[in-house]
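The values are calculated or read from the model by the stated rules, or taken from the named source; none is laboratory data. Computed from a predicted model, the values in this text were never measured in an experiment. For neighbour counting, all protein chains shown are included, and Cβ atoms are generated from backbone atoms with ideal geometry for every residue, glycine included.
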Amino acid sequence: MGRQGLFIAEGEVVLRVLARSRLHRPVSLLIAEKRIAALSEIIESLPGDVPVYAAGQAVLDAVVGFPIHRGILAVGRRVAEPDPADLLASLPDDALVLVLSGIANHDNMGGLFRNAAAFGADAVILDSDCCDPLYRKAIRVSVGAALITPFARMASGADILGLLEGQGFETVALSPRGQADLAQASRARRTAVVLGTEGPGLAEELLARAKTVRIPMADGFDSLNVAVTAGVVLHHLAFVARRSS
C-alpha cells in the first residue's frame with residue numbers, strides 16, 4: 001500500500017497494542033504535554049531509538065488538521081506483508097481464518113479485525129479489492145487488533161478458494177441464501193470463514209464452490225452488518241460448533 005510503508009495509530013489503547021506488536025514497529029510519537037506523565041509506562045517500554053515529541057494541544061491540532069482530543073499519535077512502520085500461501089502454511093494444524101472479499105469500508109474493516117482477534121482467528125486473508133487494514137480509521141475501530149493479527153493480500157484474479165483447499169482448509173461462505181443454518185455448521189481442524197461486501201455479497205462463482213451457511217433472522221429481514229456477521233460466525237466456530245472428523 002501507499003504512505004511509504006508507514007501508518008498512523010492514535011489513542012492510548014492503540015498505542016499500547018502497537019508497543020507490544022510483533023508485526024509492526026513504532027517509528028515516532030507525538031503526544032499532548034498533559035498526557036506524558038500518564039503514558040510514562042508505555043513510553044519506557046518502547047525501543048530506545050523511537051523519538052517522543054511533546055506539544056501543546058494547539059500545536060497537535062495544527063499538525064493533524066482537526067481537534068484531536070485523544071492527544072496521542074504514533075507513526076508506525078508496517079512489515080512486509082507475507083505471501084498468502086506462506087502465511088496459511090505457517091498456521092497450526094488447527095486454525096481458523098477469516099477471508100474477506102471486497103470490503104471497502106474502513107469502519108467495517110476495523111470491526112472485522114476486532115472480531116477476528118476477539119474470537120481467536122489465526123489470520124485474515126484479503127482479496128485485492130479490500131481496503132487497507134492499516135488505514136488510520138481502520139486501526140482505531142479495530143482497537144489495535146489490525147496491528148497484532150497477521151494478514152495477507154491476494155493478487156488480483158487469484159483463486160482464493162483454490163489456495164484454501166490446497167492448504168487443507170474447509171471453506172464456510174456466508175450468504176442469506178446459504179444451504180444450511182449456522183447452528184448446523186461444524187468446525188473442521190482448518191476452517192476459513194469467507195465474507196463479502198454488504199449489498200452484493202460474495203460472487204456467485206465463489207458461492208457455487210463453497211459450503212454456504214446462513215444466519216437465521218426474523219421474518220422480513222435478511223441482512224446484518226458484515227462485522228456483526230463475522231462476530232456471530234467466529235464465535236460459533238470458536239466456542240459452540242462441534243469438531244468434525
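If only one of Met217, Met109 is closer than 30 Å to Arg16 by Cβ and either surrounded by fewer than 16 Cβ atoms within 10 Å (Cβ to Cβ) or touching a strand residue (DSSP E or B) at 6+ places or on another chain (Cβ under 9 Å) (or both), which one is it?
Every option except Met109 fails the conditions.
Taking the numbered list (1) touching a residue at least 60 places away in the same chain (Cβ under 8 Å); (2) touching a Ser or Thr at 6+ places or on another chain (Cβ under 8 Å); (3) buried (at least 19 other Cβ atoms within 10 Å of the Cβ) in turn, Thr197 passes all entries but (3).
Residues in region 43-51 include none that are modelled with pLDDT of 95 or more and touching a Phe, Trp or Tyr at 6+ places or on another chain (Cβ under 8 Å). Of the helices (runs of 4 or more DSSP H) contained entirely in region 51-148, those carrying at least 2 residues that are over 20 Å from His24 (Cα atoms), under 12 Å from the mean Cα position of the chain (by Cα) and not aromatic (Phe, Trp, Tyr) fall at 106-118. Scanning region 112-143 for residues that are in contact with a strand residue (DSSP E or B) (Cβ under 7 Å, 6 or more places away or on another chain) and hydroxyl-bearing (Ser, Thr, Tyr) yields a single hit, Ser128. The lone criterion from (1) free of Cβ contacts under 8 Å to residues at least 24 places away in the same chain; (2) under 28 Å from Gly166 (Cα atoms); (3) in contact with a strand residue (DSSP E or B) (Cβ under 8 Å, 6 or more places away or on another chain) left unmet by Ile43 is number (2).
From the list Gly56, Gly65, exactly one residue is surrounded by fewer than 18 Cβ atoms within 10 Å (Cβ to Cβ), touching a helix residue (DSSP H, G or I) at 6+ places or on another chain (Cβ under 7 Å), farther than 30 Å from Gly168 by Cα and not aromatic (Phe, Trp, Tyr). Which is it?
Gly56
All conditions in (1) at pLDDT 95 or above; (2) buried (at least 21 other Cβ atoms within 10 Å of the Cβ); (3) of a type in the set (A, V, I, L, M) hold for Val143, with the sole exception of (2).
Among residues of region 34-50 being assigned to a helix (DSSP H, G or I) and of a type in the set (Gly, Ala, Ser), the one that is farthest from Gly71 (Cα to Cα) is Ser45.
Report yes if some residue within region 91-99 is out of contact with any helix residue (DSSP H, G or I) (no Cβ under 8 Å at 6 or more places or on another chain), over 30 Å from Ala230 (Cβ atoms) and among the aliphatic types (A, V, I, L, M); otherwise report no. No, because not a single residue in region 91-99 is out of contact with any helix residue (DSSP H, G or I) (no Cβ under 8 Å at 6 or more places or on another chain), over 30 Å from Ala230 (Cβ atoms) and among the aliphatic types (A, V, I, L, M). Considering (1) buried (at least 16 other Cβ atoms within 10 Å of the Cβ); (2) of a type in the set (A, V, I, L, M, F, W, C); (3) closer than 24 Å to Ala145 by Cβ, the lone condition that Ala38 does not fulfil carries the number (1).
Pairing residues of region 101-117 that are touching a residue at least 24 places away in the same chain (Cβ under 8 Å) with residues that are aromatic (Phe, Trp, Tyr), at Cβ distances under 6 Å and at least 6 apart in sequence or on separate chains, gives His106/Tyr135.
Within region 1-33, being outside any strand (DSSP E or B) and among the hydroxyl-bearing types (Ser, Thr, Tyr) holds for one residue alone: Ser21.
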